[in-house]
Amino acid sequence: MVAFEAVTKQFGGRGGKPGFTALDGVDFAVPRGAITGIIGRSGAGKSTMIRLVNGLEKASSGRVVVDGVEVGGLSETDLRGLRRQVGMIFQHFNLLSSRTAFDNVALPLEIAGMDARAIRDKVGPLLDLVGLGDKANSYPAELSGGQKQRVGIARALATDPKLLLSDEATSALDPETTQSILQLLKRINGELGLTVLLITHEMEVVKTIATDVAVIDRGRIVEAGRTFDIFTLPQHDTTKALLSSSLGVKLPEWVRSGLQPQPLSGGRVMVRLVFFGETAFQPLTARLVSEIGTDVNIMAGTIDEIAGEPYGSLVVSYPSDAAVLERAARFYAETGLTTEVLGYVG
Amino acid sequence: MSAEMLFTLLWKAMGQTLQMVGIAGVLGSLIGLPIGIFLATSGRGELFPAPTVNRIIGLIVNAARSTPFIILVVAIIPFTRLVTGTSIGTYAAIVPLTIATVPFFARLVESAIREIDKGLIEAARAMGATPFQIVWKVLLPEARPSLIMALTMTLVSLIGYSAMVGAVGGGGLGDLGIRYGYQRFMPDVMLTVVVVLIVLVQAVQSIGDRIARRFDRRSRKN
């Protein structure tokens, strides 16, 4: 649906001076009909990426292709045509304070030149879809944050877009409202078959609704794939850092600061075990203890759901002498458990 | 001076003031509005990017605003004569008043529009709006309360300026106060003129406030 091909974007840098590089050779494809998340810290380039899709920013080099059309090559007029087929929602909603919920949703239709009667027929069902049928005549100042974002979503859907861009749409909302907005997006994705591309710095958002994810750091995509794979087996440090707070495998500071990269004689090894798919339902912890011996200490753990699949993560420590390590390795090979050595402690 | 005579003079002067302020206010705002919109939207990377023209118009506006009004009145007498056929009288006074209103109102319009959250412009662009649609459907409606306040402020300033056009025989309340109250030592006339002006300004201000509040949907108080 959307393809980034070797896209770079620089800002500023007039008169021969190099500017700030927001995107540095980004290759990424957004699958049609799915919900795809781009996650990164602030300043990583994710806002720039989403703005390239509807031409709010222009790439310095490379191509951004939306539904077979290269965005950078469009005239202003064609670009406006494209934008009418791409809805967008924003962190701060960006509703017009002078218009009611109804009239805010009507705005893109007015812009597209639709007549008043057709607009009336269109807006009512949209407000019903987002659950605001009774708030048509309320002004944004009279609505809660979640309701404002629902108006934003209805407005983004007004022109029947094929693609919905979400720019940190839940970052200004409390956790409960965030969940309700995410469920709404998920429902819309399912009911309307709309492709959703969202950017966020919250792992929670990606974990809840995105089937695919890309991790961006300093203008580069450092990791991309199915959300479940990326979350269960993160490879890149940025991903791990972003994940640690969300997946509950964050170790206490006193444990983490004591971790050494090399084994210490008579010390212990700290291992993260990941359970998913088959292994998520088996009583493997009990077996691990009986295989290795009783000297297994559980340091941290979580059981969760990622993109609808069960997932568990457990951090354990046990003595790092050769015999134990060998028994453990045999056990992991036998059961197909995914493991990651976090470090060693004395 | 008899009360009757004072009333007659006041009535006439009041009519002249309202005429000058009204016509100059309407004309000046009509010309100032598009200039203000242009100033607010023609910077680099904005809706109608024309940074050089923007800077030139900005300079002209500043120059016009820094010219003392009484000097402006006499300096443009040839132009006034060209427009109205005369350089004295109430109609002639409307010309410099209008010219003083344009840059004043334009700057107020500019700041009213610049106050609007840039996110709204981005949202409208993302909907596929043309720059003109953005001005017409987003900027002007969103700035409406501020624009009404700007118009109110302009009218109040105009009432003050109109006191100075006695210099070219424009008449009006200020002129009455100077000629009778000051030059003929009639403090009662001066006092009455001042009181009438205070009431007039109060009335304009509170009507403006009320209309602006009616259009302001930015808080829950409505």
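Worth pointing out:
- Charging the Cβ of each Asp and Glu at -1 and of each Lys and Arg at +1, and nothing else, the dipole of region A:61-100 about its Cα centre rounds to 200 debye.
- Label separation (A:Ser265 vs A:Lys162): 6.8 nm, computed from points 7 Å beyond Cα along the C-beta direction.
- With neighbours defined as other Cβ atoms within 10 Å of a residue's Cβ, the residues B:Asp216, A:Asp304 order from fewest to most as A:Asp304, B:Asp216.
- With semi-axes defined as the square roots of five times the eigenvalues of the C-alpha gyration tensor, the equivalent ellipsoid of region B:3-215 measures 38, 20, 12 Å, largest first.
- With neighbour counts taken as other beta-carbon atoms within 10 Å, the residues B:Lys137, A:Lys46, B:Lys12 rank, fewest first, as B:Lys12, B:Lys137, A:Lys46.
- Taking only the C-alpha atoms of region A:2-236, Rg followed by Dmax gives 17.9, 56 Å.
- Number of partner chain Cβ atoms within 10 Å, mean per residue of A:136-145: 2
- Treating r as the C-beta distance of A:Arg32 and A:Ser61 and R0 as 25 Å, the FRET efficiency rounds to 0.45.
- Whether region A:247-345 is rounded, prolate or oblate, judged on the alpha carbon gyration tensor where a/c under 1.5 counts as rounded: oblate
- From phi via Karplus (6.51, -1.76, 1.60), per-residue ³J(HN,Hα) for region A:125-137 in Hz, x at Gly/Pro: x, 5, 5, 5, 4, 8, x, 10, x, 8, 10, 3, 9
- Cα centroid of region A:285-307 to Cα centroid of region A:194-219, whole Å: 29 Å
- Here each label is just a point 7 Å from Cα along the line to Cβ, and for A:Gln10 and B:Thr84 those points are 5.9 nm apart.
- Net charge over other residues, Cβ less than 13 angstrom from the Cβ of B:Ile116 (K, R count +1; D, E count -1): -1
- Put in line by how crowded their Cβ is, counting other Cβ atoms within 10 Å and starting with the fewest, A:Ile216, A:Ile35, B:Ile211, B:Ile148 read B:Ile211, B:Ile148, A:Ile216, A:Ile35.
- Normalised contact order of region A:24-115, rounded percent, pairs of Cα under 8 Å and 6 or more residues apart: 16 percent
- With 29 Å as the limit on Cα-Cα distance, the pairs of A:Lys46/A:Lys148; A:Lys9/B:Lys137; A:Lys122/A:Lys207; A:Lys9/A:Lys122; A:Lys46/A:Lys135 that go past it are A:Lys9/B:Lys137; A:Lys122/A:Lys207; A:Lys9/A:Lys122; A:Lys46/A:Lys135.
- Net lengthening on full extension, B:Ile77/B:Glu46 (0.36 nm per residue, minus Cα-Cα): 7.4 nm
- In sequence order, calculated HN-Hα J values of region A:168-174 (Karplus, 6.51, -1.76, 1.60; Hz; x Gly/Pro): 6, 5, 10, 5, 9, 10, 6
- The residues packed around A:Pro175, meaning those with a beta-carbon under 14 Å from its beta-carbon, carry a net charge of -3 if Lys and Arg are +1 and Asp and Glu are -1.
- The protein assembly as shown: equivalent-ellipsoid semi-axes (sqrt of 5 x gyration tensor eigenvalues, Cα, Å): 68, 24, 23
- In range of the label at A:Asp78: residues from region B:89-130 whose backbone nitrogen is under 20 Å from the point 7 Å along Cα→Cβ: B:126-130
- For A:Ser166, distant residues with modelled amide H under 5 Å away: A:Ile89, A:Leu197, A:Leu198, A:Ile199
- When the protein assembly as shown is described by a simple charge dipole with +1 on each Lys and Arg Cβ and -1 on each Asp and Glu Cβ, the residue from A:Val105, B:Ile23, A:Ile209 located farthest towards its positive end is B:Ile23.
- Here the extension length gained between A:Gln235 and A:Gln183 equals 15.9 nm, from 0.36 nm per residue of separation less the Cα-Cα distance.
- Modelled FRET efficiency - R0 41 Å, A:Arg117 with A:Glu191, Cβ distances, 0.05 increments: 0.95
- Average partner coverage of A:105-111, which counts Cβ from other chains inside 10 Å: 4
- For residues of B:141-147, the mean tally of beta carbons on other chains within 10 Å: 2
- Phi angles of region A:150-160 translate, via the Karplus equation with coefficients 6.51, -1.76, 1.60 and θ = phi - 60°, into HN-Hα couplings of 5, 4, x, 5, 4, 5, 5, 8, 4, 8, 6 Hz per residue; Gly and Pro are given as x.
- Reducing region A:111-190 and region A:56-109 to their Cα centroids gives an inter-centroid distance of 16 Å.
- Extension gain from B:Thr8 to B:Val53, taking 0.36 nm per residue of separation minus the Cα-Cα distance: 11.2 nm
Bear in mind these aren't lab numbers, they're just calculated from the coordinates by the rules spelled out. This one's a predicted model, so the numbers in the text were calculated from it and none came from an experiment. Counting neighbours? That spans all protein chains shown, and the Cβs are built from the backbone with ideal geometry, glycine included.
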